[in-house]
Amino acid sequence: MIENTINATHAIVSLDIPLPSVIWGWMITLNMWAKSIGTGVVLVGAYLLYRYKKEDIKNLKWLMPVISFIALNIFLLFTLLDLHQPLRMVNIFLHPHFTSAITVGAWMATIFTGIMTILAAVGLFDEYPYLIRTNKITKLARENGHLYEKLLPFAVFLAIPVTLYTAIIMAEASARELWQAPGEMVQMMLAAFMAGSATLLLFSQKWSKDVREKLSIILIAAMSVGFALYMGEYFFSFKSSEAEATLALIHLGGSYSLEFWFAMIVGFVAPIFILINANKEDNFTLIRTAAFMALIGLYFAKDVWLKIPQMIPLS
């Protein structure tokens with residue numbers, strides 16, 4: 001809507017109008033969920049590689065970067081698809097402005113994905129040497145036998161800002177109280193540990209019992225603290241009238257109440273008790289079920305927390 005024009009400069013003054021619907025929808029939810037998996041498996045997997053012998057964590061050396069590579073490409077793909085002008089994404093690399101959190105995050109995510117590609121290749125060749133067919137590749141692999149160990153610390157270092165930078169972007173939306181740092185940054189980090197440990201538990205059948213117990217402890221800790229933070233916001237949020245209006249959407253009777261409590265029960269509360277009992281009996285079926293529930297619940301928790309602040313008009 002044009003309010004008026006200034007003849008001297010030909011400038012047009014427009015009125016801002018409230019957006020009628022949720023702009024950041026399921027694509028951004030899937031984006032954040034996949035990013036949590038992609039970074040979380042590296043943070044948790046690196047700990048397992050440092051802590052345990054190769055026999056206790058069979059195939060982890062290649063499985064970790066492969067899972068991360070797939071998840072990160074899903075994250076980058078849906079980031080690109082959500083842009084109104086996807087081809088402009090190339091300007092982030094051709095004409096970067098590093099004062100922007102989006103630019104810095106895109107560069108870090110791209111470098112991180114590149115490192116995962118190298119780690120996946122080195123890990124697969126190390127685990128399955130018969131995949132190497134030519135003498136040149138064999139010689140190159142032998143000369144770079146420690147490349148994996150050299151690159152892994154850089155991967156762990158980059159995993160932290162890559163998983164946190166989305167929280168920084170959301171915190172820049174100053175009118176959205178629930179997205180403010182540092183609370184959102186803590187939730188992002190917890191989501192990474194939660195998604196990483198849950199994903200690795202799905203593939204841990206051939207690993208030692210002690211490894212599964214350690215992964216379960218990490219997952220239980222992440223779910224417990226994450227649930228406590230959500231409940232703290234739910235019951236004790238006294239930030240502003242905007243925050244109260246936002247949280248009303250997930251209070252009992254709110255339009256997002258069912259999805260919120262489904263996420264809390266299925267993704268946070270129930271898996272804790274299932275894992276505790278499953279580890280006593282070393283029941284892998286129950287362990288895998290709890291991990292799968294945690295991943296589902298995390299997706300819906302992210303979805304609710306992303307959408308509800310957008311339901312409140314800014315004008």
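The values are calculated or read from the model by the stated rules, or taken from the named source; none is laboratory data. The structure displayed is predicted, hence computed values, not measured ones. All Cβ positions, glycine included, derive from the backbone under ideal geometry; neighbour counts span all protein chains shown. Please note that ligands, DNA and RNA were not included when accessible areas were found on the heavy atoms of the full protein model with its side chains. Shrake-Rupley method; radii C 1.70, N 1.55, O 1.52, S 1.80 Å.
In terms of the mean number of neighbouring beta-carbon atoms within 10 Å, the peptides 269-276, 192-199, 280-287 order highest first as 192-199, 269-276, 280-287. Shape analysis of region 202-264 places it in the prolate category; the axes a ≥ b ≥ c from the Cα gyration tensor give an a/c of at least 1.5, with a/b above b/c. Our coupling estimate for region 68-79, obtained by passing each phi through the Karplus curve with A = 6.51, B = -1.76, C = 1.60 and θ = phi - 60°, is 4, 4, 5, 5, 5, 6, 5, 4, 5, 4, 6, 5 Hz, Gly and Pro reported as x. Listed cross-link partners Lys150/Lys302; Lys58/Lys280; Lys214/Lys307; Lys35/Lys280 are compared with a 27 Å cut-off, the Cα-Cα value being larger for Lys150/Lys302; Lys214/Lys307; Lys35/Lys280. Taking the protein heavy atoms of region 197-315 in the context of the full set of protein chains, the accessible area attributed to carbon and sulfur is 70 percent at 1.4 Å. Just check region 191-315 against the gyration tensor rule for me: Cα atoms, a ≥ b ≥ c as the square roots of the eigenvalues, rounded for a/c under 1.5, and otherwise prolate or oblate depending on whether a/b exceeds b/c. Note, shape of region 191-315 comes out prolate. Rounded to the nearest whole Hz, the Karplus-based 3J(HN,Hα) values (6.51 cos²θ - 1.76 cosθ + 1.60, θ = phi - 60°) of region 261-276 follow the sequence 6, 4, 5, 5, 6, 6, x, 10, 7, 4, x, 4, 5, 5, 5, 4, with x at glycine and proline. Put a dot 7 Å past the Cα of Leu202, heading toward its Cβ, do the same for Leu147, and the two dots end up 2.8 nm apart.
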